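Student: Provided herewith is a single structure, encoded as structure tokens, for subsequent inquiry.
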Amino acid sequence: MLFSIIRVQIKRNPGRSILTVCIAMCLLLFVGAYWENVIRMENALHTLSDSIPVGGSITDISGGKQTALEISTTTADKILESGYVKNVIYTGQAAGNLEQYNRVENPKVFDTTIVGSNSCDAFSALTEETISFFEKGEENFLSTDKPLCVVSEQYAREHQIKEGETLQFPLYAIEYKQGSSSVQYREAGMAELTVIGTVPERYLGDTVMDILVPVQWLRAYIEEADLRFSYSSMNFQVKNPMKLNAFKKAMENMGLQEKSQEAMEEVYGGTLILDDTIFIENAEKLQGNLQTLRKFQIPFLLLVGILVITVTFLIMRSRRLELAIASSLGQKSSRVALQLFLEIGLLNLLGNALGMVLLMFITQISIKDLLETLYLIFDYPYKYYTFKLFEV
């Protein structure tokens with residue numbers, strides 16, 4: 001009976017009912033668009049590192065030398081185990097003498113340059129597709145510790161290396177004399193490597209290399225001979241750029257230094273260089289926008305509350321005559337008030353439903369994001385926000 005009366009009241013004045021629905025719809029769109037903008041901006045900040053990764057590398061103190069370095073395994077292992085980095089690419093170097101006439105005691109000349117790496121990305125133009133593998137399934141050999149190798153085409157021609165051949169030659173670890181760039185070669189033993197492919201020299205860029213091996217194998221082989229192994233380069237990405245301060249502090253505690261413009265170039269790799277300028281600029285801009293929106297959260301909610309109260313008051317005021325007539329006919333005031341409250345509530349509910357559909361169409365947000373937006377509207381966002389200020 002009550003709802004039948006409400007339906008009649010709504011149909012009796014369609015213009016007023018439509019106006020109530022439109023007002024409710026506009027208020028929801030207003031609030032929803034505001035919080036949807038906040039959500040999108042925060043998501044953009046948290047995923048910023050996907051589009052603008054922060055890269056890092058180990059260099060010498062001058063910051064100008066990133067290859068042919070002496071990076072201790074202690075430093076490299078600490079960086080790898082820190083939990084702050086990802087996509088780490090590192091290389092190592094060694095020398096050898098494949099030809100018999102070069103195999104003399106304390107050699108000064110070497111006919112084979114050996115480079116170890118854990119990824120083809122260590123080289124500017126080298127990819128797994130540019131390597132001619134003799135058999136399928138060997139593409140990921142650099143990530144293993146197996147005695148496998150790829151040789152340059154020129155090296156294969158000069159030494160008449162055949163497909164699948166096992167190379168045997170004395171391998172020499174490269175050690176730098178402390179405090180200088182002077183190199184000494186220490187024999188590690190007679191290495192045996194199986195050739196699984198060749199690579200054209202044009203894909204090696206500026207890298208001087210005859211044989212490419214897994215760096216894990218190279219390190220293990222040299223350390224088994226009780227010799228000191230060192231990496232020649234190391235590059236990585238910061239896993240969580242939003243915590244750059246913590247990352248830099250951890251690297252500082254490991255003994256890594258900041259570069260010095262006045263320092264001379266050297267071989268010791270103990271300096272951290274970060275390519276974080278563009279990321280910081282964009283992150284600070286997004287953070288500034290977020291902070292601005294946060295400053296207006298309370299005034300915004302107060303404004304919406306005032307608008308709701310004002311609209312409700314105006315609707316009630318416009319119904320004074322109807323309320324007076326209903327009271328004169330003997331209807332209870334509480335029943336009349338309940339009837340009016342339910343009528344306005346149903347119209348507002350209809351307006352909110354239409355507003356949600358329109359909000360989804362305009363903003364192209366998913367139902368999940370829309371529900372999160374509505375959650376923010378009715379449950380003040382301090383519970384939702386766990387965002388920490390950007391650290392630089």
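Student: Per 0.36 nm of contour for each residue apart, how much would the distance between M190 and T292 grow if the chain were fully extended, relative to their Cα-Cα spacing?
Tutor: Net length gain for the segment: 30.1 nm.
Student: At 1.4 Å probe radius, can you tell me the per residue accessible area of segment 155-239 in Å²?
Tutor: 50 Å²
Student: Within segment 97-171, what whole-number % of the accessible surface is contributed by carbon and sulfur, with the 1.4 Å probe and all protein chains included in the calculation?
Tutor: 42 percent
Student: At a 1.4 Å probe, what is the % contribution of carbon and sulfur to the accessible area of segment 50-91?
Tutor: Carbon and sulfur: 45 percent of the exposed surface of segment 50-91.
Student: Also, I was wondering about something else. Carbon and sulfur atoms: what percent of the 1.4 Å accessible area of segment 209-295 do they account for?
Tutor: Summing carbon and sulfur atoms, their accessible area is 43 percent of the total for segment 209-295.
Student: Restricting to DSSP loop positions (anything but H, G, I, E, B) with no more than 16 other Cβ atoms inside 10 Å of their own Cβ, which chymotrypsin sites (Phe, Trp or Tyr not before Pro) remain in segment 127-217?
Tutor: Answer in residue order: F134.
Student: Now, a different point. How much net charge surrounds V215 when only other residues with a Cβ under 14 Å from its Cβ are counted (Lys, Arg +1; Asp, Glu -1)?
Tutor: Around V215, the surrounding residues sum to -2.
Student: If you take every DSSP beta bridge fully contained in segment 123-233, what fraction is antiparallel? Give it as a percent rounded to 5.
Tutor: Here the antiparallel bridges make up roughly 75 percent for segment 123-233.
Student: Once you treat every alpha carbon in segment 27-152 as an equal point and sum by Debye, what is log10 I(q)/I(0) at q = 0.11, 0.21 Å⁻¹?
Tutor: Those come out to -0.64, -1.35, one per q.
Student: Below 10 angstrom from the Cβ of G269, what's the summed charge of the other residues (Lys, Arg +1; Asp, Glu -1)?
Tutor: Result for the local shell: -2.
Student: Can you compute the modelled spin-label distance between V304 and F341, with each label point 7 Å from Cα toward Cβ, in nm?
Tutor: 2.3 nm
The values are calculated or read from the model by the stated rules, or taken from the named source; none is laboratory data. Not measured: the values here are computed from a predicted model. Using ideal geometry, Cβ is built from the backbone for each residue, glycine included, and neighbour counts are taken over all protein chains shown. Surface areas here come from the heavy atoms of the whole protein model, side chains and all, with no ligands, DNA or RNA. Shrake-Rupley method; radii C 1.70, N 1.55, O 1.52, S 1.80 Å.
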